[in-house]
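The values are calculated or read from the model by the stated rules, or taken from the named source; none is laboratory data. Please read all numbers here as calculations on a predicted model, not as lab measurements. For neighbour counting, all protein chains shown are included, and Cβ atoms are generated from backbone atoms with ideal geometry for every residue, glycine included. Accessible surface is based on the protein model in full, side chains and every heavy atom, while ligands, DNA and RNA are left aside. Shrake-Rupley method; radii C 1.70, N 1.55, O 1.52, S 1.80 Å.
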Amino acid sequence: MKNYKPLFFWIVVICFFTGILLAQQYLKKQGSDLIPGSGGNFTLQSDRGPVSLSDYKGKIIALYFGYMSCPDICPASLWNLSEAIKMLTPEQAEQIQGIFVSVDPDRDSPHALGLFVKGFIDSFVGLTGSKQEIDKIARQYSVVYEKVPLKDSAMGYVIDHSSVIYLIDREGVLQYFVPHDTDPESIRDDLLKLLER
Amino acid sequence: MKQLLALIMILSAFSVSADVAGQVMIDQPYVRAAIKQQRNSAAYMHITNQGDNAYLLYAKSPVADSVELHTHIDDNGVMRMRKIEKIDLPTQQAVTMEPGGLHVMLLGLNRDLKTGDEISLTLGFSDGSEKNLKVPVQMRYRAKKKAKQESKTLQDKPKMITH
């Protein structure tokens, strides 16, 4: 009678590690394909109460997901966006609504978010909500984000996240995905395309 | 007696050789404007080391509870910020700290950093020497020089990926 126990053990071990490898590939794929879902409406909290994307029907929305403790990627994206808007005529600029959604509701209150975004353009809105709400919206927009503890850092944790400006037309339909660190001129050109429609 | 003489010679050799702080040149330092509620900001600069290989080991500033050295990894569009222990300063080379890459992370701001302000920042090097800087606060981001990226539309995309 052969003893199959060691063989069985190794099969289990191999399956386990294969599973981990496959999961890693899958997660990587999610990261590389920032291919959005179809976007769509949602409601979150601002410093002045609940705000829905549909409140801005008739305007062009520039939507960005990030977090306030982010040192440069998030503010740089908002800054590029605000510079792009400032290149437009006041009439055109009025038709653009910038929205920042924080994926870090534990640290970013709607009040603080309001102060933060107004530093870029006064009409910008800062939103957040419960983790469940944010997860749902992240799926809608294929936003990848993950809370990662940072060992030996006063930050405690960081949030790894995809960095894309979503441009939504007057009808609320997602039209452009602007990669992060796109220069303001290119963002302005995309905004103009949507303004001309 | 000979040994003592040798020790004195070694020590005096050290005292005349310039320390790292004296051998690095700092160009265009700036710190990003931020409100206190953001808690954090970051400082950027070019560091050129004209001496031997060295490291930047730490930084400190009175405007933040703690100051760390961080970098960003762009993992297929997902930005992952990580703390690092040191920044290499190879001899005769310029190291660039810029948005989206290496930076001095200011954590726990105790005040707003307004455009036009100046903050004190101390850099600490591998030989224990320190360099004190006055860093201007700016609201600007040097865009990385790279090929123009096209924005994508739903139509551009071959197919939707469902997970």
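Per residue of peptide A:175-186, the mean number of Cβ atoms on other chains within 10 Å of the residue Cβ is 5. In the range B:104-118, burial by the other protein chains removes 10 Å² or more of accessible area from B:105, B:107, compared with the chain on its own (1.4 Å probe, ligands and nucleic acids ignored).
Please compute the contact order of the range A:40-197 in relative form: average sequence separation of alpha-carbon pairs under 8 Å and at least six residues apart, divided by the residue count, as a percent.
Working: 275 pairs, mean separation 49.9, N = 158.
Relative contact order of the range A:40-197: 32 percent.
Counting Cβ atoms of other protein chains within 10 Å of each Cβ in A:151-162 and taking the mean gives 5.
Taking both sides together, the accessible area buried where A meets B is about 4000 Å² for a 1.4 Å probe. Rolling a 1.4 angstrom probe over chain A with all protein chains present gives an accessible area of which 60% lies on carbon and sulfur atoms.
Measuring heavy-atom accessible area with a 1.4 angstrom probe and counting protein chains only, the residues of the range A:48-75 that give up at least 50 Å² relative to the chain alone are A:68, A:71, A:72, A:73. With the cut-off at 1.5 for a/c, could you classify the range A:43-196 from its C-alpha gyration tensor as rounded, prolate or oblate? Note, shape of the range A:43-196 comes out prolate. Rounded, prolate or oblate: which fits the range A:95-140 when a ≥ b ≥ c are the square roots of the eigenvalues of the alpha-carbon gyration tensor, with rounded for a/c under 1.5 and prolate only if a/b beats b/c? Cα axes put the range A:95-140 in the oblate bin.
The alpha carbon gyration tensor of the range A:35-106 gives principal lengths a ≥ b ≥ c with a/c of 1.5 or higher and a/b no greater than b/c, which makes the shape oblate.
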